[in-house]
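Written out below as structure tokens is the structure these notes cover.
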Amino acid sequence: MRGLPFVTDTGGGRGLIVAIHQPHYLPWLRYMAKLALADTFVLLDDVQYTKNGWQNRNRIKTANGWSYLTVPVHAHVTDRIVDVRVADDRWRPQHWKSLQAAYGRAPYFQEHSAFFEGFYASPWERLVDLNVASLEYLRSALGLRAPLVRASSLGVSGEGSERLVRLCKELGATVYLSGAYAATNHLDAVAFRGSGVELAVVEWACPTYRQCHPKVGFLPDLSVVDLLFNEGEAARQVLLRGVRTLDPISVGGGIT
């Protein structure tokens, strides 16, 4: 990892790094790596909900391989994430039992079991609220300091990359941190030209770490709970170990 030599120096040290992403359920490791590298993390909760995406599900490791944990929701094609409602309560005890069965013998499961037991005992009406509540706990448990900010609370309009720039400027950011896939396939780098906000792209590959169910073999890119329950306080360093490059991206749209 090269650090951040490209970040604008504002006189008080390096500038503010912002990452922006839709709120996910028990996010996977790549997501949490971006959170670990950011100074502020914006939850893009007022954009269109993606069916069969990661906003209401993620993967854990079981004795039979990986398995989805999916929160059932009521959602229409045009619904924003912030408007998506949880469909019923049956998933809550099912998810808690699944975590107990999958990770009950993990070294750090008991350390975090009280939170998750209470989390799954609580009623949830909106998907975004349960996602943010769990992410706040996971952020703290991993020792990550970047505050979480809901985009819906900022009142920033616009579409696509233009809105990303406006969100960064609203927060006083000098760097927008993007994943490699989004930088290549979704970002319009020209929108950042002359904005005072630089683009940075992070490439991340899942490092190996201790996991349960060794007969299955190592499974990459699971929910962060897999890492937390198995590595505890070392989980943050595992996340950072996965960073392969952290570089500026040209305004012409290509990765430099």
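The values are calculated or read from the model by the stated rules, or taken from the named source; none is laboratory data. Please read these numbers as outputs of a predicted model, since none were measured by experiment. So basically every Cβ, Gly included, is an ideal-geometry build from the backbone, and we count neighbours across all protein chains shown. Note: accessible area is taken over every heavy atom of the protein model, side chains too, but ligands, DNA and RNA are not part of it. Shrake-Rupley method; radii C 1.70, N 1.55, O 1.52, S 1.80 Å.
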- The lone condition L246 fails out of (1) of a type outside the set (S, T, Y); (2) at pLDDT below 95; (3) outside any loop (DSSP other than H, G, I, E, B); (4) open to solvent by 40 Å² or more (accessible area, probe 1.4 Å) is (4)
- the range 152-195, residues that are in contact (Cβ under 8 Å) with a residue 40 or more places away in the chain and of a type in the set (V, I, T): T174, V175, T184, V190
- Please find, among E198, E233, the residue that is surrounded by fewer than 15 Cβ atoms within 10 Å (Cβ to Cβ) and under 24 Å from L144 (Cα atoms). E233
- Query: Which pairs do you get when a residue that is under 14 Å from T174 (Cβ atoms), found in the range 33-44, comes within reach of a residue that is open to solvent by 10 Å² or more (accessible area, probe 1.4 Å) and not small (G, A, S), reach meaning Cβ atoms under 8 angstrom, with the pair 6+ apart or on two chains?
  - Reply: D39/L16; T40/L16; T40/P147; T40/V149; T40/L171
- Of all residues in the range 121-142, how many are touching a strand residue (DSSP E or B) at 6+ places or on another chain (Cβ under 6 Å), assigned to a helix (DSSP H, G or I) and open to solvent by 30 Å² or more (accessible area, probe 1.4 Å)? 0
- Check V82 against each of (1) assigned to a helix (DSSP H, G or I); (2) open to solvent by less than 40 Å² (accessible area, probe 1.4 Å); (3) within 30 Å of F218 (Cβ to Cβ) and name the one condition it does not meet. (3)
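How many residues, within the range 59-79, are under 16 Å from S134 (Cα atoms) and surrounded by fewer than 22 Cβ atoms within 10 Å (Cβ to Cβ)? I'd like the intermediate steps shown before the answer.
So in the range 59-79, the residues under 16 Å from S134 (Cα atoms) come out as 59-60, 69-71.
Filter once more, keeping what is surrounded by fewer than 22 Cβ atoms within 10 Å (Cβ to Cβ): 59, 69-71.
Adding up the residues that qualify gives 4.
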- Item | Looking only at the range 172-195, and only at residues there that are open to solvent by 50 Å² or more (accessible area, probe 1.4 Å) and under 19 Å from the mean Cα position of the chain (by Cα), the one that is nearest to G242 (Cα to Cα) | Y181
- Residues of the range 8-28 being under 19 Å from C168 (Cα atoms), touching a Ser or Thr at 6+ places or on another chain (Cβ under 9 Å), open to solvent by 30 Å² or more (accessible area, probe 1.4 Å) and at pLDDT 95 or above, in sequence order, are Q22
- Query: If you take the residues in the range 43-70 that are touching a Lys or Arg at 6+ places or on another chain (Cβ under 7 Å) and of a type in the set (V, I, T), which one is modelled with the highest pLDDT?
  - Reply: T70
- Might you check whether a residue that is touching a helix residue (DSSP H, G or I) at 6+ places or on another chain (Cβ under 6 Å), open to solvent by 30 Å² or more (accessible area, probe 1.4 Å) and modelled with pLDDT under 95 occurs anywhere in the range 207-222? no
